[in-house]
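Enquirer: The structure is given below, and queries will be raised subsequently.
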């Protein structure tokens, strides 16, 4: 037995290029295609609204986002997903994103990073997948706008 | 997936038949006092003693709470058994606190008995080495039965952990009900009230409490949140207990918390547990201690090393269908058939297994070749940041890298380890603090606890490349090369310094 927890006899599994939860999160942040050419990209996103928007988005993409479950707290508190929390944490730890000091209420992604990540996703994904990602980003955009009014 | 659920239930039934075979509960004469190292003397009721004495709970004595962390923190030998008792004690304290506050009268004797049972049994689904076996049958098995159950019923299991799902099905099983009925039949001569309470206990409600969902349509959700919620009896116990036995100072001013608790229902439709403003500080302590436990204990490089070693060994036992003490690890419930004594004994017949077990018995653990902190990724190098992020998200890529490193270095094991992150959002955003008679807000509105997680992710986060002793230098060079080939440029000096390998810098 070489290496750790493999045991499955395969170096690469078949899901290598499948769209993952992290692709959905990155696409939601980077594509924003629904905002149109004239509109500014969002480089600041309210953390609570991101959770709320994804909780709604999950209902529209139950298969793709099936591993992003949410728990709902009392009195209209923010729905929380451990999987989403992990992805946001990893985006922070890798330096792609940060949370704005001192209120820690907003995620920040510089515009140049949004552009470069979008370019990288576009290069790696075929037309159909890009279409899916753009559709998801459009939905996210609308849900986010609605959610951000809630605070 | 009704078929998959039925198969799963059948396997649980078979496991319990085997486990409980020969166990006959005896009539216990009176309450018992159990002395806990942290929580002092506490009362347990006769029917609870029967459950505690049953093989279902006794096996938890052989499942350490923090897996092999005791190889790093020598006193961290506490088990799921005493933790389960601790959760009962904390659950009772929360019940008492709520009873003495407004609306507390709603917690009837039956509900109290059910909450205590949920507390006692909440971890009965833990396999050997706790989360180290859970990762094998859950996270590393994306098409396995636990994932299938979660996907089939995300409302029920979406956010539940693998062991919670096992506990849930155990408590709902026919064999467990049989045991329960056997136990309560011993007390039908007890004071009538006591017997009546026990006969009204509903095990389905107990199971629902374990996974933190509404126990039944006529039970408020907050009752389940005593066991599984933003701040629950489980967290109150494990944080203090893990801290205490690892020697870390993680005080939680629980007395202050309990006098702050009340049930709040401003709209008259959805009551929930909240703390008053004075108790908010205690919630902050809980959040802070969670971060501290992750950075100092759970994600300590040696603890991670032993965790990865035992998890990969369990994965190997499963994939190669080795037999350990007459058991094969095929399904999730099989990880409950074995305990740590079964695996860590020196008499394993399989030579390959014996060699690996010996390493754990003698604490021959993997060592750090590289340590990657967030600062090792350059601030402006987005390609590296993105590739590093992608690597972390994709198990197959990590597996491939481990395999390549091990092959090139000529050693049998390399771990590219990204330790788990402390999840704190639920505590921050769903714990409610009461400000006045008709206002309550989430803790995060009063104190931006997300700042701590941001600080942790930016400064305390560590990923590791772990290798057998003697291979550190070779693998460090190879790993840096492999990361570079994957467009991940790391600050070599920093990575080696953090791995305490600065001598390599000159070479």
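The values are calculated or read from the model by the stated rules, or taken from the named source; none is laboratory data. A quick note: this is a predicted structure, and the numbers were derived from the prediction, not measured. Don't worry about glycine lacking a Cβ; one is built from the backbone with ideal geometry, like all the others, and counts go over all protein chains shown.
Enquirer: Go through the stretch B:315-348 residue by residue and tally those that are in a helix (DSSP H, G or I), touching a helix residue (DSSP H, G or I) at 6+ places or on another chain (Cβ under 9 Å) and either under 27 Å from residue B:149 (Cα atoms) or modelled with pLDDT under 95 (or both).
Expert: 9
Enquirer: From A:49, A:24, A:28, A:55, which residue is at pLDDT 65 or above, more than 10 Å from chain B (Cβ to nearest Cβ) and out of contact with any helix residue (DSSP H, G or I) (no Cβ under 7 Å at 6 or more places or on another chain)?
Expert: A:55
Enquirer: Then there is this: Would you mind telling me which numbered condition in (1) in contact with a helix residue (DSSP H, G or I) (Cβ under 8 Å, 6 or more places away or on another chain); (2) under 25 Å from residue B:164 (Cα atoms); (3) away from every other protein chain (no Cβ under 14 Å) residue B:283 fails?
Expert: All conditions are met except number (3).
Enquirer: When you scan the stretch B:120-128, do you find a residue that is more than 14 Å from chain A (Cβ to nearest Cβ), in contact with a strand residue (DSSP E or B) (Cβ under 8 Å, 6 or more places away or on another chain) and in a helix (DSSP H, G or I), even just one?
Expert: no
Enquirer: Using the structure shown, decide if residue B:306 is part of a loop (DSSP other than H, G, I, E, B) and closer than 24 Å to residue B:78 by Cα.
Expert: Spelling it out, it is not the case that residue B:306 is part of a loop (DSSP other than H, G, I, E, B) and closer than 24 Å to residue B:78 by Cα.
Enquirer: If residue B:13 passes every condition in (1) without any contact (Cβ under 8 Å) to a residue 40 or more places away in the chain; (2) in contact with a helix residue (DSSP H, G or I) (Cβ under 6 Å, 6 or more places away or on another chain) but one, which one does it miss?
Expert: Of (1) without any contact (Cβ under 8 Å) to a residue 40 or more places away in the chain; (2) in contact with a helix residue (DSSP H, G or I) (Cβ under 6 Å, 6 or more places away or on another chain), only one is false for residue B:13: (1).
Enquirer: Specify the residue that is farthest from residue B:112 (Cα to Cα); the eligible residues are those in the stretch B:218-232 that are within 12 Å of another protein chain (Cβ to nearest Cβ) and part of a loop (DSSP other than H, G, I, E, B).
Expert: B:230
Yes or no, residue by residue, for (1) closer than 30 Å to residue B:308 by Cβ; (2) touching a residue at least 12 places away in the same chain (Cβ under 8 Å); (3) in contact with a strand residue (DSSP E or B) (Cβ under 8 Å, 6 or more places away or on another chain):
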residue	(1), (2), (3)
B:149	yes, yes, no
B:178	no, no, no
B:196	no, no, no
B:226	no, yes, yes
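Enquirer: Here's something else I'd like to know. Inside the stretch A:1-21, can you point out the residues that are away from every other protein chain (no Cβ under 11 Å) and modelled with pLDDT under 75?
Expert: Listed by number, the list is empty, since nothing qualifies.
Enquirer: Considering the stretch B:349-371 alone, what residues qualify as being in contact with a helix residue (DSSP H, G or I) (Cβ under 6 Å, 6 or more places away or on another chain) and surrounded by 14 or more Cβ atoms within 10 Å (Cβ to Cβ)?
Expert: Of everything in the stretch B:349-371, those that are in contact with a helix residue (DSSP H, G or I) (Cβ under 6 Å, 6 or more places away or on another chain) and surrounded by 14 or more Cβ atoms within 10 Å (Cβ to Cβ) turn out to be B:356, B:365, B:366, B:367, B:368, B:369, B:370, B:371.
Enquirer: Further question on the same structure: What number of residues within the stretch B:354-388 satisfy the criterion of being free of Cβ contacts under 8 Å to residues at least 40 places away in the same chain and within 22 Å of residue B:312 (Cβ to Cβ)?
Expert: 5
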